[in-house]
């Protein structure tokens with residue numbers, strides 16, 4: 001199998017399994033996190049072991065250049081998400097989100113702080129490694145730049161939409177799909193210059209800070 005399609009197949013398999021776990025099995029958040037950890041780290045490692053041309057170490061190389069720009073972009077993303085929530089909460093009903101989270105994953109007001117910290121620091125790194133490091137930076141070496149951009153951003157968006165099934169109305173879901181795709185493209189661009197995931201991880205972290213802030217607001221309501 002060509003390296004391009006090996007990587008693409010691994011990414012699609014990871015997304016498909018996680019969609020089944022989220023949508024059908026619906027285990028608790030801790031169990032789901034362990035499955036995701038095994039898939040999003042294990043599948044790239046298996047591909048690297050089967051194909052010597054795939055190298056993953058450089059993806060985690062620390063990069064201190066441009067950290068300030070990444071932090072400023074992250075702060076801007078945080079502001080946009082928070083402003084969008086306050087602008088749209090009168091037009092869309094978010095009231096059922098906390099109940100859906102509790103029913104599907106066991107996330108409650110009592111454990112949300114722990115979940116929020118995990119999502120912000122650990123889960124963001126895991127997703128950046130899988131979608132930006134593996135599905136974009138690594139794939140870009142074996143496929144066209146355009147294909148890598150499109151594949152990484154679309155699988156990133158589709159994975160999250162599958163995970164959020166039933167959380168929002170159709171219109172909010174469509175907006176989320178567009179926003180996630182655009183976010184994936186931005187993350188790809190942020191990482192492309194230095195060929196590592198350090199900068200996009202910072203931006204992703206701030207995006208998760210924003211969504212977690214919304215979560216705290218909703219659980220407090």
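The values are calculated or read from the model by the stated rules, or taken from the named source; none is laboratory data. Everything numeric in this text was worked out from a predicted model, so none of it was measured. In this analysis, Cβ positions are derived from the backbone assuming ideal geometry, glycine residues included, and neighbour counts consider all displayed protein chains.
Numerical summary
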{"quantity": "Residue among 210, 143 that is in contact with a helix residue (DSSP H, G or I) (Cβ under 7 Å, 6 or more places away or on another chain), part of a helix (DSSP H, G or I) and crowded, with 17+ Cβ neighbours inside 10 Å", "calculated": "210"}
{"quantity": "Filter result for residue 30 (at pLDDT below 90, more than 25 Å from residue 148 (Cβ to Cβ), out of contact with any helix residue (DSSP H, G or I) (no Cβ under 9 Å at 6 or more places or on another chain) and surrounded by 13 or more Cβ atoms within 10 Å (Cβ to Cβ))", "calculated": "yes"}
{"quantity": "Segment 81-102: number of residues that are under 21 Å from residue 206 (Cβ atoms), modelled with pLDDT of 70 or more and either over 20 Å from the mean Cα position of the chain (by Cα) or loosely packed, with under 13 Cβ neighbours inside 10 Å (or both)", "calculated": "5"}
{"quantity": "Test for residue 31: is it more than 17 Å from the chain's Cα centre (by Cα) and under 23 Å from residue 142 (Cβ atoms)", "calculated": "no"}
{"quantity": "Some residue of segment 169-192 being surrounded by fewer than 18 Cβ atoms within 10 Å (Cβ to Cβ), modelled with pLDDT under 85 and not in a helix (DSSP H, G or I)", "calculated": "yes"}
{"quantity": "Residues within segment 6-29 that are in a helix (DSSP H, G or I), farther than 17 Å from residue 129 by Cα and touching a residue at least 40 places away in the same chain (Cβ under 8 Å), tallied", "calculated": "4"}
{"quantity": "Answer residue from segment 42-72, given it is surrounded by 15 or more Cβ atoms within 10 Å (Cβ to Cβ) and more than 21 Å from residue 130 (Cβ to Cβ) and is modelled with the highest pLDDT among those", "calculated": "71"}
{"quantity": "Subset of segment 103-122 [at pLDDT below 70 and loosely packed, with under 15 Cβ neighbours inside 10 Å]", "calculated": "103"}
